[in-house]
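The values are calculated or read from the model by the stated rules, or taken from the named source; none is laboratory data. All values derive from a computational prediction rather than experimental measurement. Don't worry about glycine lacking a Cβ; one is built from the backbone with ideal geometry, like all the others, and counts go over all protein chains shown. For the accessible areas, the whole protein counts, side chains as well, though only heavy atoms, and no ligand, DNA or RNA atoms are used. Shrake-Rupley method; radii C 1.70, N 1.55, O 1.52, S 1.80 Å.
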Amino acid sequence: MRTVKHVTCPVCGCLCDDLELTIKDEKVVKVKNGCALCKAKFLGYSKHRVLKPLVRKNGRFFEVSYEEAVSRAAEILTEANYPLLYGWSMTSCEAVSAGIELAEEIGGVIDTTSTLCHGPSTLGIQDVGISSATLGQVRHRADLIVYWGSNPLIAHPRHMERYTIFRKGRFQKEKRKLIVVDVRKTETAETADIFLQIKPNMDYEVLQALRALIRDQELDVDEVAGIPTERLEEIADTMVECRFGALFFGSGLTMTRGKNRNIDAVLSLVSDLNKLTKFIAMPMRGHFNVTGADMILTWQTGYPYAVDFSLGYPRYNPGETSAVDILLREESDAALVVASDPVASLPRKAAEHLAENPLIVVDPHMSATARMADVVLPSTFVGIESGGTAYRMDHVPLPLKKIVEPPEGILSDEEILRIILSEVKRKKAEQMENP
Amino acid sequence: MKVILVTGRTVKQGFWKEYGKFSKAYMESVSVCYMDARDMERLGIKDGTNVQVSTKHGSTILKALKSTRGKHSGIIFVPYGPWINGVVDPETDSVGMPSFKGTQAEVEPAPEKPVLSLEELLKKQFRKLNR
Ligand code: SF4
């Protein structure tokens, strides 16, 4: 029996780095400090594993060697005209980096699950700009917290305990105020000082109404999205009167009507507030390294997601080069999915085309997507069986640890991508020699 | 009955997906539809009755559960997952993001129709598995 301290949790964008794990016979048997999601992962990850590479022949899976599976994968990718490389939010930055190289080599499109969660936030940030801070600053200084279209008690269970409401800060000793805006009374809303239950698809109107009130303009309506104007005035006052406000927004804003325009409005509201007090905004990033995937893509290509290499140089135009649009237009002719389960998460019409493509899946689990694959390359769990780097939602990079040995012979995402890349290069060189 | 469909995360969905998506627990955690108690009364259904949720994009069978999240008459809440993905609006409005929240939908009682398992659902929805 041994214990490992300061372990980073590879589940959500909070990337808590204070876990203490007890290991017995190369198995995690106890998790200290983690939330329910974290425990579910560390104690349950070894179930439903794929332990041998699989290749589909005549509709059925056959176990093969990595060599054979990689060769088939490289064949699919070199033959394709417009391959889509999708996923990337639940693996290390190092694997993402290898994936980008591969996308460039084969002239494909690389897109991350950002496209399904905070892609619109990125568009909003590119339009308006964002005033931000680290979660450490929020923890020590913020006296007003706003969660808008986000339910951290469920999706980021320790966010409130580590950084906001349930935590005392060095310079913020009194209880902080909490405002929650949502379309239903979520678990988080139950803990709020002020809860605004607004009508679905009307966030934009409420945000713009608050902007008007903060600029001392009068509203000549009695209510907005079901909220009486006096109530909105009260919120506007609370926001203006705080010393340091932090507004966290979730997919309640990005997935509803308005999408990136909602984000424009929320960031403009925060920008207005900064003329009167100190306010920051932050998207509540979901998967543990979705922020890292954005970061690495930005370094290597100049763009954060939906990057298209088909012309030989990176292009970025979400709506055109983003995964869902490419799949709905049925344009891709092969796909590689890494560390994600799009068949379970994309709208069905998009998932259908993905399944129709020759499909390569790199994943430790038998997921719904792996079930559709033509080639399955089993990989290690990053942050449990192999190390790497990940970015927390506030852009702080943290190390992911290798805690236990992977099952015998199983490679990491990064290793698998590197050998696919060299196999692709080898095949291309071969073709050049014998055209 | 006309409603607005909101999809999202739940504790159980977040928990069981870590255990594997072909598990019964995962299926039971996401093939459900949380409804306002008054809406259920109006439909004449009980906690646990199956319902059919349809939009112009497709339909699915889910188990209706009484929402414990305050009053939200006219809104149904379904966890993210393959059961509801055939029903949400795939339109990205040219920004890459489908409309997972806030889709107009229709709910009707379907006590005689079964909720499919993930394997059955995938077989029904994806031609590739039937070749
Ligand atoms: S809040 Fe997120 S990162 Fe922290 S322990 Fe829970 S799942 Fe892990």
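Out of the strands (runs of 3 or more DSSP E) lying entirely within the stretch B:45-111, which hold 2 or more residues that are farther than 29 Å from A:Ser121 by Cα and more than 9 Å from chain A (Cβ to nearest Cβ)? Don't jump to the end; show me each part of the working.
On the way: elements: B:50-55, B:58-66, B:75-79, B:101-109.
In the stretch B:45-111, the matching strands (runs of 3 or more DSSP E) lie at B:50-55, B:58-66, B:101-109.
Please pick out the residue among A:Arg348, A:Arg315 that is modelled with pLDDT of 95 or more and either of a type in the set (Lys, Arg) or not assigned by TED's automatic domain parsing to the domain that holds A:Arg72 (or both).
Values: A:Arg348 fails: modelled with pLDDT of 95 or more.
Testing whether each residue is modelled with pLDDT of 95 or more and either of a type in the set (Lys, Arg) or not assigned by TED's automatic domain parsing to the domain that holds A:Arg72 (or both) leaves just A:Arg315.
Scanning the stretch A:1-30 for residues that are assigned to a strand (DSSP E or B) and hydrophobic (A, V, I, L, M, F, W, C), which turns out nearest to the ligand (Cβ to nearest atom)? Can you show your working first?
First pass over the stretch A:1-30, keeping only residues assigned to a strand (DSSP E or B): A:2-7, A:12, A:19-24, A:27-30.
After this cut, where a residue has to be hydrophobic (A, V, I, L, M, F, W, C) as well, the list is A:4, A:7, A:12, A:19, A:21, A:23, A:28-29.
Details: A:Val4: 15, A:Val7: 10, A:Cys12: 3, A:Leu19: 7, A:Leu21: 12, A:Ile23: 18, A:Val28: 13, A:Val29: 17 Å.
In this case the residue turns out to be A:Cys12.
Do you know which residues across the stretch A:39-57 are within 12 Å of chain B (Cβ to nearest Cβ), in contact (Cβ under 8 Å) with a residue 60 or more places away in the chain and either more than 15 Å from the ligand (Cβ to nearest atom) or within 13 Å of A:Arg158 (Cα to Cα) (or both)?
A:His48, A:Arg49, A:Val50, A:Arg56 - these are the residues of the stretch A:39-57 that are within 12 Å of chain B (Cβ to nearest Cβ), in contact (Cβ under 8 Å) with a residue 60 or more places away in the chain and either more than 15 Å from the ligand (Cβ to nearest atom) or within 13 Å of A:Arg158 (Cα to Cα) (or both).
Across the stretch B:65-77, which residue is nearest to B:Pro109 (Cα to Cα) among those that are within 13 Å of the chain's Cα centre (by Cα) and in contact (Cβ under 8 Å) with a residue 40 or more places away in the chain? Reasoning before the result, please.
Restricting attention to the stretch B:65-77, the residues satisfying the condition of being within 13 Å of the chain's Cα centre (by Cα) are B:65, B:75-77.
Restricting the remaining residues to those that are in contact (Cβ under 8 Å) with a residue 40 or more places away in the chain gives B:75-77.
Working: B:Ile75: 16, B:Ile76: 14, B:Phe77: 16 Å.
So the residue we want is B:Ile76.
When residues of the stretch A:323-347 are filtered for being closer than 12 Å to B:Pro90 by Cβ and more than 7 Å from chain B (Cβ to nearest Cβ), how many remain?
Final tally of qualifying residues: 3.
More than 14 Å from chain B (Cβ to nearest Cβ) and within 30 Å of the chain's Cα centre (by Cα), is that true of A:Phe244? Before the answer, list the steps.
Working: more than 14 Å from chain B (Cβ to nearest Cβ): yes; within 30 Å of the chain's Cα centre (by Cα): yes.
Judged against the criteria, A:Phe244 is a match.
Here are some conditions: (1) more than 16 Å from the ligand (Cβ to nearest atom); (2) open to solvent by 10 Å² or more (accessible area, probe 1.4 Å). A:Asn33 meets all but one. Which one does it not meet?
(1)
Checking A:Met282 against (1) away from the ligand (no atom under 16 Å from the Cβ); (2) aliphatic (A, V, I, L, M); (3) more than 14 Å from chain B (Cβ to nearest Cβ), which single condition isn't satisfied?
(1)
Does A:Leu417 fit the bill of being touching a Gly at 6+ places or on another chain (Cβ under 9 Å) and either surrounded by 22 or more Cβ atoms within 10 Å (Cβ to Cβ) or acidic (Asp, Glu) (or both)?
Numbers: touching a Gly at 6+ places or on another chain (Cβ under 9 Å): yes; either surrounded by 22 or more Cβ atoms within 10 Å (Cβ to Cβ) or acidic (Asp, Glu) (or both): yes.
Yes: the conditions hold for A:Leu417.
Does any residue of the stretch A:208-227 turn out to be out of contact with any Cys (no Cβ under 8 Å at 6 or more places or on another chain), free of Cβ contacts under 8 Å to residues at least 12 places away in the same chain and either within 14 Å of chain B (Cβ to nearest Cβ) or within 16 Å of the ligand (Cβ to nearest atom) (or both)?
No, because not a single residue in the stretch A:208-227 is out of contact with any Cys (no Cβ under 8 Å at 6 or more places or on another chain), free of Cβ contacts under 8 Å to residues at least 12 places away in the same chain and either within 14 Å of chain B (Cβ to nearest Cβ) or within 16 Å of the ligand (Cβ to nearest atom) (or both).
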